[in-house]
Amino acid sequence: MASFALVSTIMPRGAGDHPQTYRLALTIALTAALVAAIFGALPIAVLIAAFAVPIVYIVYMYDVNQWEDQPIPVTALAFVLTGVLAAGFLGLLKFFGWLAPPVPATDLNGITVGGPTLSGILIAALLVPIVGELIRQIGPVVLASRPAFDDLMDGLTFGIISGVAFSTADTLVRHWSTLTGGFVGANDPGAWASLIFLEGFVKPLVIGTASGIACAEFSGLGKGYDGFTGRYVRGLIEAIVANIAYAGGIYLLAQIGNPTLRIMLQLGWALLVLAVLIIRVRNVLHHGLMEAALEASAREGVGSEAGVGTGDGLEFCGTCEMPLLANSAFCTACGTAVRVRAKAGRPLVTAGTAGAGAAAAGAGAAGVAGAGAAGAADQGQGQPGTGEVAEAPPPTQTTDAGGPGDVEPDPRDVFFDEEEGR
Ligand SMILES: [Zn+2]
């Protein structure tokens with residue numbers, strides 16, 4: 001199912017160990033929310049919709065032990081800080097009545113009542129997406145600036161956590177009256193069911209993946225974090241545009257009078273925006289997972305070769321910014337000869353054999369990661385690195401990262417350049 005592919009994209013590391021756990025948890029949570037809505041327990045339905053994805057995601061974080069010993073500051077900054085700021089911002093808008101969904105246009109004896117308003121569109125499709133995205137960047141950027149969390153994967157995950165936190169606050173603020181209204185009869189279970197799917201499942205993923213893309217650009221590849229670069233600005237704009245598309249579409253479709261049709265069209269639009277974001281995230285993920293796998297191999301050592309340990313000794317390729325294995329003569333990711341890379345004017349060496357080595361190393365260090373990365377490459381990158389193969393190195397393996405020939409080289413894995421292939 002499509003939704004399962006979504007789950008494995010935002011939770012890449014859990015896929016190998018127990019692939020069903022988180023999917024099952026999400027399925028149970030959403031089913032519980034639907035049952036609650038059908039039986040009229042709308043406050044419970046709203047609560048589950050607001051917290052299901054964030055809780056499952058945070059449990060996943062602890063489970064894969066992503067930030068070994070510092071889960072509390074990570075959770076506090078990325079989740080609670082964003083949630084509180086978002087609740088304050090959205091609560092303020094709601095207090096002034098600027099958050100109300102538009103009233104469907106009705107024709108009363110030739111006088112049109114309701115319909116979209118200019119201020120409504122400006123607030124829903126411009127103010128909230130832009131200010132919201134800036135709110136969502138604060139916690140992750142502070143976190144990703146710390147040396148312990150400077151990997152691409154860290155940035156991506158911080159952004160997703162921050163996004164789902166914002167989504168939780170958004171759901172709670174918008175449905176506050178339902179939340180405090182107690183048990184009421186369900187007037188339209190079908191509409192409520194879809195609303196829960198939209199707000200409980202699709203909305204957090206749209207907002208989360210969009211913020212994740214921007215935060216991943218902040219972290220970047222290579223040593224340390226990239227910071228406020230042009231790439232980060234581009235990622236930030238991408239995230240804001242995705243949120244404008246999502247929120248603007250939801251706002252305009254809210255004009256439709258028929259509630260079931262309205263919700264269905266909103267859901268369809270949201271899934272479309274999410275699909276584009278997921279393709280983008282898979283592309284980012286491909287590089288993040290490869291970086292993580294190579295760093296693990298470099299630190300632990302491969303075969304008889306000792307690793308660089310946990311200290312500062314990790315070196316990075318000058319061309320693709322991927323971590324280098326200790327004492328290797330070639331970059332495992334892009335095949336650039338490490339010892340000669342400083343010589344100006346000489347064409348950079350890129351070769352398929354090195355790509356095979358990279359795939360083997362990735363598979364060895366984090367079996368799932370390699371497979372996921374290959375899948376991501378198939379999805380995200382259309383263009384193989386043609387024209388970059390200038391000169392093939394001797395076919396001997398210069399590192400014992402993995403036996404040659406046991407992994408089919410994917411030409412698209414060779415695609416790394418100054419743009420980091422993203
Ligand atoms: Zn390289």
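Answer with yes or no whether Leu314 is modelled with pLDDT of 70 or more and out of contact with any Ser or Thr (no Cβ under 9 Å at 6 or more places or on another chain).
On the way: modelled with pLDDT of 70 or more: yes; out of contact with any Ser or Thr (no Cβ under 9 Å at 6 or more places or on another chain): yes.
Yes; evaluated as a whole, the condition is true for this residue.
Name every residue in region 95-123 that is loosely packed, with under 10 Cβ neighbours inside 10 Å and either modelled with pLDDT of 90 or more or β-branched (Val, Ile, Thr) (or both), in order of residue number.
Ile111, Thr112 - these are the residues of region 95-123 that are loosely packed, with under 10 Cβ neighbours inside 10 Å and either modelled with pLDDT of 90 or more or β-branched (Val, Ile, Thr) (or both).
Exactly one of these conditions fails for His287: (1) part of a helix (DSSP H, G or I); (2) more than 19 Å from Cys215 (Cα to Cα); (3) within 16 Å of the ligand (Cβ to nearest atom). Give me its number.
(2)
Quick grid of which residues meet (1) over 30 Å from Pro102 (Cα atoms); (2) out of contact with any helix residue (DSSP H, G or I) (no Cβ under 7 Å at 6 or more places or on another chain); (3) at pLDDT below 80; (4) charged (D, E, K, R):
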residue	(1), (2), (3), (4)
Asn243	no, no, no, no
Asn258	no, yes, no, no
Ala306	yes, yes, yes, no
Ala356	yes, yes, yes, no
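Give the residue, chosen from Asn243, Asn283, that is touching a residue at least 40 places away in the same chain (Cβ under 8 Å) and surrounded by 22 or more Cβ atoms within 10 Å (Cβ to Cβ).
On the way: Asn283 fails: surrounded by 22 or more Cβ atoms within 10 Å (Cβ to Cβ).
When all the criteria are applied, what remains is Asn243.
Restricting attention to region 5-29, which residues are among the hydrophobic types (A, V, I, L, M, F, W, C), modelled with pLDDT under 85 and either more than 21 Å from Ala210 (Cβ to Cβ) or surrounded by 20 or more Cβ atoms within 10 Å (Cβ to Cβ) (or both)? Full working, then the answer.
First, pick out the residues of region 5-29 that are among the hydrophobic types (A, V, I, L, M, F, W, C): 5-7, 10-11, 15, 24-26, 28-29.
Now drop any that are not modelled with pLDDT under 85, which leaves 5-7, 10-11, 15, 24-26.
Those that are among the hydrophobic types (A, V, I, L, M, F, W, C), modelled with pLDDT under 85 and either more than 21 Å from Ala210 (Cβ to Cβ) or surrounded by 20 or more Cβ atoms within 10 Å (Cβ to Cβ) (or both): Leu6, Val7, Ile10, Met11, Ala15, Leu24, Ala25, Leu26.
It is to be established whether one or more residues within region 51-64 are within 26 Å of Pro147 (Cβ to Cβ) and at pLDDT below 70.
Pass one, region 51-64, residues within 26 Å of Pro147 (Cβ to Cβ): 57-58, 60-64.
Going one step further and asking which of them are at pLDDT below 70, we end up with 64.
Yes, because at least one residue in region 51-64 is within 26 Å of Pro147 (Cβ to Cβ) and at pLDDT below 70.
Residues checked against (1) small (Gly, Ala, Ser); (2) near the ligand (Cβ under 10 Å from one of its atoms); (3) not in a loop (DSSP other than H, G, I, E, B):
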residue: Glu295; (1), (2), (3): no, no, yes
residue: Ala298; (1), (2), (3): yes, no, yes
residue: Gly303; (1), (2), (3): yes, no, no
residue: Val308; (1), (2), (3): no, no, no
residue: Gly318; (1), (2), (3): yes, yes, no
residue: Glu321; (1), (2), (3): no, yes, no
residue: Gly335; (1), (2), (3): yes, yes, no
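When you go through Leu126, Leu92, Leu134, Leu81 one by one, which is the residue that is under 19 Å from the mean Cα position of the chain (by Cα), modelled with pLDDT of 90 or more and surrounded by fewer than 16 Cβ atoms within 10 Å (Cβ to Cβ)?
Numbers: Leu126 fails: under 19 Å from the mean Cα position of the chain (by Cα); Leu92 fails: under 19 Å from the mean Cα position of the chain (by Cα); Leu81 fails: surrounded by fewer than 16 Cβ atoms within 10 Å (Cβ to Cβ).
When all the criteria are applied, what remains is Leu134.
The values are calculated or read from the model by the stated rules, or taken from the named source; none is laboratory data. Worth saying up front: this structure is predicted, and the values here are computed from it rather than measured. Heads up, the Cβs are rebuilt from the backbone with ideal geometry, glycines too, and the neighbour counts pull from every protein chain shown.
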